[in-house]
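Input: a single structure, listed below in structure tokens.
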Amino acid sequence: MQYIETSDKSVTELVKTIQEKIAEYKFGILHIHEIQNTLKSKGLEFDKECVVLDVCNPAYAKKLLDEDMKLSVILPCKIAIYSEDNQTYISMNSVVQLIDDINPDLVETAQEIQEILLELISACK
């Protein structure tokens with residue numbers, strides 16, 4: 001499952017808003033992937049704006065990894081911001097579903113993480 005919201009902000013404005021607000025939710029941005037620039041640097045033309053944020057809450061990451069190192073494959077969480085057909089979108093995969101697929105015993109923790117990230121998205125869009 002994927003959560004997708006629209007925004008009246010541009011991709012750049014939305015990324016900046018998340019950067020400004022994310023600490024309020026006890027998360028941080030580990031890396032910003034500017035897909036358009038990355039593809040262009042590899043000699044590929046790509047005319048759509050797309051930014052993927054690797055976001056993490058260290059306490060939750062430690063808790064999950066202490067329980068099951070297989071969860072490392074889905075960490076950090078990702079938030080994608082992109083423009084298509086003159087509309088800006090912000091999206092995120094279901095953290096609950098991703099964790100449930102690997103370790104159903106940690107769904108409660110996944111739900112907590114997902115709720116926080118969805119609140120962040122709602123506040124920023």
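The values are calculated or read from the model by the stated rules, or taken from the named source; none is laboratory data. Remember, predicted model here, so these are calculated numbers, not experimental data. Because the Cβ atoms are built from the backbone with ideal geometry, glycine has one as well, and the counts that use them run over all protein chains shown.
Please tell me if Val73 is over 17 Å from Ile4 (Cα atoms) and either of a type in the set (Gly, Ala, Ser) or under 18 Å from the mean Cα position of the chain (by Cα) (or both).
When the stated conditions are applied, Val73 passes them.
Got at least one residue in the stretch 56-78 being closer than 21 Å to Lys125 by Cβ, modelled with pLDDT under 95 and of a type in the set (S, T, N, Q)?
For the stretch 56-78, residues closer than 21 Å to Lys125 by Cβ, modelled with pLDDT under 95 and of a type in the set (S, T, N, Q): absent.
Looking at the stretch 28-51, can you tell me whether even one residue there is touching a residue at least 60 places away in the same chain (Cβ under 8 Å) and out of contact with any Asp or Glu (no Cβ under 7 Å at 6 or more places or on another chain)?
Taking every residue of the stretch 28-51 in turn, none turns out to be touching a residue at least 60 places away in the same chain (Cβ under 8 Å) and out of contact with any Asp or Glu (no Cβ under 7 Å at 6 or more places or on another chain).
With the requirement that a residue be surrounded by fewer than 13 Cβ atoms within 10 Å (Cβ to Cβ), on the phi < 0 side of the Ramachandran plot and in a loop (DSSP other than H, G, I, E, B), what does the stretch 2-54 give you?
Asp8, Lys42, Leu44, Glu45, Asp47, Lys48
Could you tell me which of the residues Val51, Val11 is over 19 Å from Ser94 (Cβ atoms) and under 12 Å from the mean Cα position of the chain (by Cα)?
Step by step, each of Val51, Val11 is checked, and only Val51 is over 19 Å from Ser94 (Cβ atoms) and under 12 Å from the mean Cα position of the chain (by Cα).
If Cys124 meets every condition in (1) buried (at least 16 other Cβ atoms within 10 Å of the Cβ); (2) over 22 Å from Glu24 (Cβ atoms) apart from one, which number is that one?
Every listed condition holds for Cys124 apart from (2).
Can you pull out the residues in the stretch 79-93 that are touching a residue at least 12 places away in the same chain (Cβ under 8 Å) and either over 22 Å from His31 (Cβ atoms) or exposed (fewer than 15 other Cβ atoms within 10 Å of the Cβ) (or both)?
Those that are touching a residue at least 12 places away in the same chain (Cβ under 8 Å) and either over 22 Å from His31 (Cβ atoms) or exposed (fewer than 15 other Cβ atoms within 10 Å of the Cβ) (or both): Glu84, Gln87.
For a quick check of your reading: which helices (runs of 4 or more DSSP H) sit entirely within the stretch 58-125 and have at least 1 residues that are touching a strand residue (DSSP E or B) at 6+ places or on another chain (Cβ under 7 Å)?
95-102, 107-124
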